[in-house]
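One structure, as structure tokens, below. Some questions next.
The values are calculated or read from the model by the stated rules, or taken from the named source; none is laboratory data. Because the structure is a prediction, the values reported are computed rather than measured. Cβ: placed from backbone, ideal geometry, glycine included. Neighbour counts: every protein chain shown. Accessible surface areas use protein heavy atoms only, side chains included; no ligands, DNA or RNA. Shrake-Rupley method; radii C 1.70, N 1.55, O 1.52, S 1.80 Å.
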Amino acid sequence: EYVLGSVSHTASYLRLWALSLAHAQLSEVLWTMVMRVAFTGFEGYAGSIAIYVIFSFWSCLTIAILCLMEGLSAFLHTLRLHWVEFQSKFYEGAGYLFVPFSFRVVLKEAAADDKEVMKTVAK
């Protein structure tokens, strides 16, 4: 069990590392696709204005995408760490059997309780 838990925890950190690589690669792709147009498409004063506008577009797009992805991955990994790995340290499985809710069972128990109450009242 210890080995399985260690492998599971290591896999979580490897998953975070893979996400950071994906963020870096996405930023690189956005840089090459967007900024290539700015550096090769314009000359002179128009080129400097175009670089400014295209860079601001690139930075807003990069930050928006990366913050969205990072926020989502942080939320999901935190949720996973809490529910899977943290709970695996303390789970004993010493509870009671799950019985799904049923109106029939509740009504039968209520009717039985009512009969008991009526017996005690009638005495």
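Please enumerate, by chain and number, the lysines with C-alpha under 17 Å from the C-alpha of Lys123, excluding those fewer than 8 residues away in the same chain.
Lys115
What is the chain's relative contact order, in percent, from Cα pairs under 8 angstrom and six or more apart in sequence?
Details: 25 pairs, mean separation 28.6, N = 123.
This gives 23 percent for the chain.
Can you compute the helix-only [θ] at 222 nm over the chain? Use -39500 (n - 2.57) per DSSP H run of at least 4 residues, normalise by all residues, nearest 500 deg cm²/dmol.
After summing the helix terms and dividing by the residues of the chain, the value is -26500 deg cm²/dmol.
Between the helical axis of 2-30 and the dominant principal axis of the chain, each derived from Cα atoms, what acute angle in degrees is found, rounded to the nearest 10?
Around 40 degrees separate the two axes.
Counting heavy atoms of the protein chains only and a 1.4 Å probe, report the per residue accessible area for the chain as a whole number of Å².
Here the per-residue accessible area is 86 Å².
What percentage of the solvent-accessible surface of the chain, computed with a 1.4 Å probe over protein heavy atoms, is contributed by carbon and sulfur atoms?
In the chain, the share of accessible area belonging to carbon and sulfur is 72 percent.
Specify the longest stretch of the chain that does not include any exposed loop site, a site being one of the chymotrypsin sites (Phe, Trp or Tyr not before Pro) with a non-H, G, I, E, B DSSP assignment and at most 14 other Cβ atoms within 10 Å.
With chymotrypsin sites (Phe, Trp or Tyr not before Pro) excluded where exposed in loops, the chain gives 1-90 as its longest stretch.
On to the next question. Just how much of Met33 is accessible, in Å², when a 1.4 Å probe is used and the result is rounded to the nearest 10?
130
Using the alpha-carbon atoms, what tilt in degrees (0 to 90, nearest 10) does helix 103-122 show relative to the longest principal axis of the chain?
Helix 103-122 sits roughly 30 degrees off the main axis of the chain.
Can you give the angle from 0 to 90° between the axis of helix 44-80 and the longest principal axis of the chain, with both taken from C-alpha atoms, to the nearest 10?
With both axes taken from Cα atoms, the answer is about 20 degrees.
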